[in-house]
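J.: My questions all concern the structure below.
All of the numbers you see were taken from the coordinates with simple rules; none came from a lab. Everything quoted here is computed from the prediction, not taken from an experiment. Cβ coordinates were reconstructed from backbone atoms using ideal geometry, including for glycine residues, and neighbour counts include every protein chain displayed.
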Amino acid sequence: MLELVQKNRPQRGNLALCGHFRAIGYNQRVSMQKKSSRSAAPKSSTLKTQRAKRDRASATRRAPRTPALKVLSAPALAGLPWLVHGFSTRQGGVTGEYGGRQLNLNLTPEDTAENVARNRERLLRKLKAVKANGSLWPLALLNQIHSAAIHRVYGPRGPEYARLRRDHLVATSGDGLITDTSGVLLGVKVADCYPVLVADRRKKAVGVFHAGWRGTQQRIVEKGIGEMRRQFGSKPENLIAVIGPGIGPCCYEIGEEVESAFESQFAYSRELFEDVFDSWSLKTKYPMLFLNQRAPGHGEPALSRHLDLVKANWCQLLDAGVPEENISTMDMCTACRTDLFFSYRKEQVTGRMLAVIGIR
Ligand SMILES: [Zn+2]
C-alpha cells in the first residue's frame, strides 16, 4: 500500500552548533497589491441610483456581529488534561480602538483599564480558568523589561501568591514565570515578541517566557529550562515546548547592533540571519532611483538583514536538552497576519496579546 507523505515544509541544512535543527517553514510572502485605477466617472443619474440603493441597504443592514473570541491552542499541549494554555488573538474583545471589538489585554495609551479587565475576564472564561465558586484564577503578569529574569510563583504561602490574590499581578520586573502551583495562570504580554510555553508532563510544572530579540540574546528560554530543572527537578526529555506566534523572519528586519549582539553571544549566529531583497527598502534607501525613473534593477540591490527568532529559540531549547520531537512552533507571523494578531512593528499604535499557561 502506498503511503502519500506530504511535505509542506522545506528542509533546511543542519545547524553547526545548535544540533539537528529541523526546518521550520516560513512563507516569505511578498505581495504587491495594485490599487485599481478608477475608470471613467459615472454619470450623475447612475450615481444617484447607486446611492439610493446603498442607503436602502444600510438602513436594513444589521449591526455587525461581535467576532467570536479566538484563542489559539498548540496541538502538542492540547492533549494534557491537567494543563490550561492559549495564545490570544486580537479578535473578540470589547476594545473600540485598533479596528474595533479587539481583545487588547494590556493597558495601552489608547485603551481603558476597564476594557482591559473585561477582555482579560473574557479570555480566562474562554480557557475555563475559573474556580469552583465561579471566580477567576489569578493571572500572574510581570512588568516586562526584555531581560532574562525569571520568577517562580509559589503556592498560597509564598509572597507572590499573596500579591496575586490582591491584585492579580506579580508587581515584579522580569520576563519569565514558572510554577508548579495549580489554579494560577501565568502570562506574557506580546505584540511581535515570541512567547514560549513549556510544560513538564511528569512533574506537572509550567513556564512561560517572553522572547523578543533582547530576551533571546540573553538566552531567556535556555535559562528558563535551567530554572525548571533547579526548582522542580524537571528533566528536559519530559518537557514539551511551544514557540508561539511572533514576528517572522519574513518581516523582522534588524540593524547592525542586533546582529553584533547575537554574534557576541552565539557561535551559530550567522545561521539566524537571512538577507532579503526588499522592494520597499529599495525605495526608502535609494529614492533618487525612482525620481530619476531609472529602470529598477539597475541600481545596487537593496538587501535587508532579517532575524529568525524562532530558529534562535529552537536552538536554545535544543541546547537545554529538550528533544527535537518535543519542540513545536505555531509558525505564524504577527506582522503578516494583522487580521489576527497585534503587530507593534507593522502598526506602531496597537494592542497587546497574552500567551498563558497554568495547571488545573
Ligand atoms: Zn511576516
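J.: Could you derive backbone 3J(HN,Hα) for the range 116-132 from the dihedral phi with the Karplus parameters 6.51, -1.76 and 1.60 (θ = phi - 60°), listing whole Hz in sequence and x where the residue is Gly or Pro?
T.: 4, 5, 5, 5, 5, 4, 4, 5, 5, 5, 4, 7, 6, 8, 10, 6, 4
J.: Kindly write out, for the range 234-251 in residue order, the coupling ³J(HN,Hα) from the Karplus curve 6.51 cos²θ - 1.76 cosθ + 1.60 (θ = phi - 60°), rounded to whole Hz, with x marking Gly and Pro.
T.: Rounded to whole hertz, the list is 5, 9, x, 5, 9, 8, 10, 10, 10, 8, x, x, x, 6, x, x, 4, 10.
J.: Distance cut-off 21 Å, Cα to Cα: go down the list Lys189/Lys223; Lys131/Lys223; Lys126/Lys311 and report the pairs above it.
T.: Details: Lys189/Lys223 19 Å; Lys131/Lys223 32 Å; Lys126/Lys311 31 Å.
From Lys189/Lys223; Lys131/Lys223; Lys126/Lys311, over 21 Å: Lys131/Lys223; Lys126/Lys311.
J.: Which residues' amide hydrogens lie under 5 Å from the amide hydrogen of Thr329, considering only partners 5 or more residues apart or on another chain, with H built in the peptide plane?
T.: Result for Thr329 returns Ile243.
J.: Return the aspartates and glutamates within reach of Lys70: Cα separation strictly under 13 angstrom, same-chain partners fewer than 8 residues apart disregarded; answer none if there are no such residues.
T.: Once the sequence-local aspartates and glutamates are set aside, what remains near Lys70 is Asp339.
J.: Counting other Cβ atoms within 10 Å, keep those with at most 10, restrict to DSSP loop, and tell me which GluC sites (Glu not before Pro) in the range 170-241 are left.
T.: Numbers: sites: Glu222, Glu227, Glu237; in loops: none.
Hits after loop and neighbour filter: nothing returned.
J.: Would you grab the residues whose amide H sits under 5 Å from the one on Leu83? Only those 5+ places off in sequence or on another chain, please, with H modelled 1.01 Å from N.
T.: Long-range HN contacts for Leu83: Arg360.
J.: Another question, if that's okay. Residue-wise, which Karplus ³J(HN,Hα) couplings in Hz belong to the range 326-331, taking 6.51 cos²θ - 1.76 cosθ + 1.60, θ = phi - 60°, and x for glycine or proline?
T.: 9, 10, 9, 10, 6, 6
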